[in-house]
Amino acid sequence: MLNVPSQSFPAPRSQQRVASGGRSKVPLKQGRSLMDWIRLTKSGKDLTGLKGRLIEVTEEELKKHNKKDDCWICIRGFVYNVSPYMEYHPGGEDELMRAAGSDGTELFDQVHRWVNYESMLKECLVGRMAIKPAVLKDYREEEKKVLNGMLPKSQVTDTLAKEGPSYPSYDWFQTNSLVTIAIYTKQKDINLDSIIVDHQDDSFRAETIIKDCLYLIHIGLSHEVQEDFSVRVVESVGKIEIVLKKKENTSWDFLGHPLENHNSLIPRKDTGTEIVKPYTPVSGSLLSEFKEPVLPNNKYIYFLIKIYHTGLFTPELDRLQIGDFVSVSSPEGNFKISKFQELEDLFLLAAGTGFTPMVKILNYALTDIPSLRKVKLMFFNKTEDDIIWRSQLEKLAFKDKRLDVEFVLSAPISEWNGKQGHISPALLSEFLKINLDKSKVLVCICGPVPFTEQGVRLLQDLNFSKNEIHSFTA
Ligand code: NAP
């Protein structure tokens, strides 16, 4: 799934533009800028004091947390511990304290409704407000309720829209807090890379790639929804479910009104959308003798990008010509080089393009960590052809005896002599065999999300501590 901002930010008539300059800011202490806050939130520090646990907060409990050093605020049903954020708040601590121990939604909306607080305060989330018993009953009833609030079919004529058994369709249903839009593509090769979802304020847009066309759902939602959403694909039946979180826990009578080209199938060449997707920069090569000549001003960034031919985004990237324009954000991530201090054993578990973060790690580890005695890479791919930089890896392992590389294939040809299968306890325990007693170890893992999640669970089962595991997630 790609998150696609469709307009310049802030949007021309957004509240942010309207309000800019009208609000008073207080001078922040040094080291308390927005970037410092983002760094703190990505540091892994426990900002809620609950060690990552989410709880249900009663009104009585909320009221108790009303001091600067213990300040909880509820916004749209979610409770945040804002004490760690106090010194970073551009509006000052006193402004935040106005909502201490209470529901600050109204105040928040008056001052800066446009702020993406869900993302800013993600690490401060304590949990949800507990639902009172009477409401709970409604919620259960709601859950069973499926509304037939389908929008009328689009009247657009310049599209390929045709009724019929193979024409895509959609439906929606709701619970007290969620709205699910189900798209029936009637295609079996649909995957997450086939869909772009974008919503801003009340405008919701989902583009699904179906062969040479895009099926467009474009709706002005009848109620506000939160910024984050999830997308699930049931490949076997070609169904896509987009789950939106309501801003207010109320029942919607209808989903919304159709916007331009809603519910239509449009030839792909006729569409143009801005797409945002994170990629890990790599080095020009793994081996020093393969390195590109030093370029003036370090003006080059290397990316290693797999083109998914049936996808929406990467074929577009593939078609870019020299001189075309791509904007690049500043880097994000929380990997710290201090993890390498006095490191002796480094294990890298990569699947597919999950190899990309390992490139710089390998370069750095083999050249800049004097204490390092062993690096082992286990690289999972479907087939031999999918192994990225195989010959460079083999040459590097030959040249530097501290490096071992093992390839594991999930769909090899019968002649393949190497390891086969998926990440598993058996593969891992053999791979990680070392004298762990006296060594400082780090295991880095990156690949498709379920691969990474399963790997982390298996590593924990093998008694690796949190500090010894670093998982990369896009
Ligand atoms: P892929 O070719 O589809 O899969 C690579 C290997 O992983 C295959 O052997 C595959 O087995 C296996 N695999 C896939 N899903 C699995 C699962 N659920 N459990 C266990 N093994 C599984 O991979 P890809 O298309 O290159 O995708 C790589 C992923 O890495 C992307 O999702 C990308 O977003 C992510 N990535 C993240 C970062 C980052 O966070 N910094 C950087 C780069 C890439 P099968 O043959 O059975 O599918």
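The values are calculated or read from the model by the stated rules, or taken from the named source; none is laboratory data. This structure is a prediction, so every number in the text was calculated from the model and none was measured. Note that we place each Cβ from the backbone using ideal geometry, even for glycine, and neighbour counts take in every protein chain shown. Side chains included, ligands, DNA and RNA excluded: accessible areas come from the protein's heavy atoms. Shrake-Rupley method; radii C 1.70, N 1.55, O 1.52, S 1.80 Å.
Among the listed pairs Lys306/Lys395; Lys29/Lys64; Lys239/Lys306; Lys374/Lys433; Lys29/Lys466, which are separated by more than 21 Å between their Cα atoms? Exceeds cut-off: Lys306/Lys395; Lys29/Lys64; Lys239/Lys306; Lys29/Lys466. Packing here is the average count of other Cβ atoms within 10 Å per residue, and on that basis the peptides 52-59, 117-124, highest first, run 117-124, 52-59.
Between Val57 and Arg128, Met129, Ala130, the built amide H atoms are under 5 Å apart, and every one of these is 5 or more places off in sequence or on another chain. Cross-link partners of Lys51 among aspartates and glutamates, defined as those whose alpha carbon lies under 12 angstrom from its own and excluding same-chain residues fewer than eight positions apart: Glu123. Taking only protein heavy atoms and a 1.4 Å probe, the accessible area of the range 176-252 is 46% carbon and sulfur. Overall shape: oblate for the range 282-429, with the ratio a/c of the largest to smallest alpha carbon gyration tensor axis at 1.5 or above and b/c at least equal to a/b. For the range 369-466, carbon and sulfur atoms together expose 54% of the accessible surface, with a 1.4 angstrom probe and every protein chain in place. With protein chains left intact and a 1.4 Å probe, residues in the range 376-474 average 57 Å² of accessible area per residue.
Distances between placed amide hydrogens fall under 5 Å for Val443 paired with Phe347, Ile469, His470, all partners being 5 or more residues away or on another chain. The overall shape of the range 385-452, judged from the alpha-carbon gyration tensor, is oblate: a/c is not under 1.5, and a/b is no greater than b/c.
For the set Thr310, Thr208, the ranking by accessible area, highest first and with no ligand, DNA or RNA atoms included, is Thr310, Thr208 under a 1.4 Å probe.
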